[in-house]
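Notes to accompany the following structure.
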C-alpha cells in the first residue's frame, strides 16, 4: 500500500547526487590572489610571469600556485597577509605597463569546474568588496550640450545659406555674430523653428548677434538624463566586467552608489567605471598646410590634433559620427595588417551620416579620434586635489576606399587589450558626463568572514534546535524529517550555486527562516497520521491518509508564502531581494523534501509490512 515505484526512488537519488555535487564547491572557499594583466604597451606572457614569481621568491613570499591564461596571470596565496604584501613587490618588478589587482579566486577542484559546478556568489557584506559614491559633473554635461548645439547651429545656418561672422560656444550659451541685421533676423526665425528648446536673445554690439541659451527646463532635463544615462552605462560596464550582483543606485540628484562584491582592488574598477573613452570620426583637412597650423595659423573650421607618436594632424571641426551613435562594437584582428581592430555598428542616424559622407569623399582620408577623460590627483601643499584631463589623439588616418554606412572597422590601436577595452566601453555606451569618485570604501574579506561565521552559526543553532525537537517529539518520523531538512539545506545551496545567485546576510536570514518553516509540512503530516491512529485506523492506512489529507493544507500555506516572496522579489531592492530569493527557493525545496522525500524514506522503513504500532 505504502510503496513507491522504482522511478521515484531513482529520481530522488538523482536529485540528491546533483544537489551534493553542485553544493560541494562552496566547501572549498576562495584563495587570496593577484590578477595581473598587461596595459597598452605590454602583454602578459611567460617572461613577465617569471619576473613576477622571481620577485616574490626574492622577497620570501610563499606562492600557492600560478595560472597563466591568455593576457592574464593569476598568482594564488595561502593567506591575505601574503597577498597584500606581494602587491608592492610585483608592481615594482613589472613596472607601470602592467595592472596588478587584488582578487579572490575560487579554489574549486578542476573536476568540479568541468561540471560547471561553481560556488555561489557572496554579497558585499559577506565577501568584501568596494563601495563607490560617484558624483556626476553636471557642469560638464551642460558644456557638452552647448557644444552640440553649437555644431547644430553651424550646420543649420550653412544649409540655409545664411552668412555668419562667428559661432562660439560659451558658458552662457552659443554666441553667433553676423555682418547684417537681415542675416540676424533670418537666423532668429530659423533657430526658433528648428531649435525651440533654446532661448534666443539679441546681442547689441558693433555687429548684430544672437545668444542661444539653454532654458531652465532644458537644463533640468539635461541633468536628469545625464544621471540616468550614467547609471545605465555604469550598469552595462559592470556587466561587461563580470561582477556578480552589483548594486548601482541613484542617491540624491547628482550622485550614484556603486557596490562591487568580491573586488578588493579599487584601481581596476575605477579605471573601467570612470573611463569616458569614445571615438569621433572626422574628415582630414588636406587642403591646408599642417605646418602653418602648428605655427599658430589654424584655418577656420579646422582643428589641430596629434597622433600617438606626437605628429600633428589637421582635421575638420565638423564631426561625422560620435561615440553615442555606436550601438555595438567588438574587438578582433585585422586580416590585412594583422593588428588589433574594433568592428563598429552605428545606429540609423549615424549610418545615414556616414553614408552621406563616404558617398562624397571616396578616395579622401578620414581620421578616427580617440577621446578619454582622465581624473588626475596631484598633491598641492600636501592636500590631494583632483582634476579632469581630456586626452584627444588621432589613432588612425585611412583613405576611404568605398562607400559604407552601418558597419565598418577601426584600426590603429596599440594592442589587443586596448581594442578589447575600447570595444567594451563603446558597447556599454559613453558616459553622458564625467563622474568623480567622492567616496571610496573597501570592505575587507576579514569582515566578510566574521559575517559568514555569524550567519553560519545562526543557521546551525536553528538547524540543531529543530533537529532535537523533531527527534524527541516524533521519534522515528522526526528523524526522517531531520534527514529531509538536511537535504533541503543541501538543495538550497545547490540551487543558489547553479543560478549563480548572490548570498547576503538577509539571504542567510531567509535560510534560517526556511529551516523553521521546512518542518511545518512534516508537522502537519505527522499530526494527521496521529489523528488517524487515534480514530482507530491501521498504521498503513494512517500513513497513507496523513500524506494525502495534509497535502492541500501544505500547498495552501506554502503557495501564499511563495506569492509574498515573489512580490518581494519583484518590487524589493538590494537586501530585500536577497531575502526573497532564498525564501522562495527554500519554500519550493522544502515542499519537495517534506512531501516526496520523507514519504520515500517512510515507505522504505514501514511500507509493505504488517504493523502493530508506529513510532510517532
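The values are calculated or read from the model by the stated rules, or taken from the named source; none is laboratory data. Note that the structure is predicted; figures quoted are calculated from it, not measured. Note: ideal-geometry Cβ built from the backbone for every residue, glycine included; neighbour counts use all protein chains shown.
For the stretch 47-94, a residue qualifies if it is in contact (Cβ under 8 Å) with a residue 40 or more places away in the chain, farther than 14 Å from residue 33 by Cα and surrounded by fewer than 18 Cβ atoms within 10 Å (Cβ to Cβ), and the qualifying residues are 51, 71.
Confirm whether residue 566 is surrounded by 18 or more Cβ atoms within 10 Å (Cβ to Cβ) and assigned by TED's automatic domain parsing to the domain that holds residue 14.
On the way: surrounded by 18 or more Cβ atoms within 10 Å (Cβ to Cβ): no; assigned by TED's automatic domain parsing to the domain that holds residue 14: yes.
Spelling it out, it is not the case that residue 566 is surrounded by 18 or more Cβ atoms within 10 Å (Cβ to Cβ) and assigned by TED's automatic domain parsing to the domain that holds residue 14.
Within the stretch 117-142, the residues that satisfy the criterion of being within 15 Å of residue 28 (Cβ to Cβ) and modelled with pLDDT of 80 or more are 117, 118, 119, 120.
Residues that are under 14 Å from residue 102 (Cβ atoms): which strands (runs of 3 or more DSSP E) entirely in the stretch 30-91 hold 3 or more of them?
Values: elements: 30-38, 65-69, 72-76.
Qualifying strands (runs of 3 or more DSSP E): 30-38, 72-76.
Look at (1) at pLDDT below 85; (2) part of a strand (DSSP E or B) and you find that residue 316 fails only one, number (1).
Candidates in the stretch 154-191 are the residues that are touching a strand residue (DSSP E or B) at 6+ places or on another chain (Cβ under 8 Å) and farther than 25 Å from residue 319 by Cβ; of these, the one that is surrounded by the most Cβ atoms within 10 Å (Cβ to Cβ) is 184.
Looking at 69, 8, 85, which is the one that is under 30 Å from residue 339 (Cα atoms) and at pLDDT below 90?
Values: 8 fails: under 30 Å from residue 339 (Cα atoms); 85 fails: under 30 Å from residue 339 (Cα atoms).
Testing whether each residue is under 30 Å from residue 339 (Cα atoms) and at pLDDT below 90 leaves just 69.
Within the stretch 404-421, one or more residues are modelled with pLDDT of 75 or more, closer than 25 Å to residue 310 by Cβ and surrounded by 18 or more Cβ atoms within 10 Å (Cβ to Cβ).
Return the only residue of 533, 485, 496, 513 being assigned to a helix (DSSP H, G or I), in contact (Cβ under 8 Å) with a residue 40 or more places away in the chain and touching a strand residue (DSSP E or B) at 6+ places or on another chain (Cβ under 7 Å). Walk me through how you get there before you give the answer.
On the way: 533 fails: touching a strand residue (DSSP E or B) at 6+ places or on another chain (Cβ under 7 Å); 485 fails: touching a strand residue (DSSP E or B) at 6+ places or on another chain (Cβ under 7 Å); 513 fails: touching a strand residue (DSSP E or B) at 6+ places or on another chain (Cβ under 7 Å).
That would be 496, the only listed residue that is assigned to a helix (DSSP H, G or I), in contact (Cβ under 8 Å) with a residue 40 or more places away in the chain and touching a strand residue (DSSP E or B) at 6+ places or on another chain (Cβ under 7 Å).
If you go through the stretch 319-347 and keep only what is in contact with a helix residue (DSSP H, G or I) (Cβ under 6 Å, 6 or more places away or on another chain) and either over 22 Å from residue 417 (Cα atoms) or in a helix (DSSP H, G or I) (or both), you end up with 320, 321, 325, 346, 347. Total residues in the stretch 115-152 satisfying the condition of being within 25 Å of the chain's Cα centre (by Cα) and not in a loop (DSSP other than H, G, I, E, B): the figure is 17.
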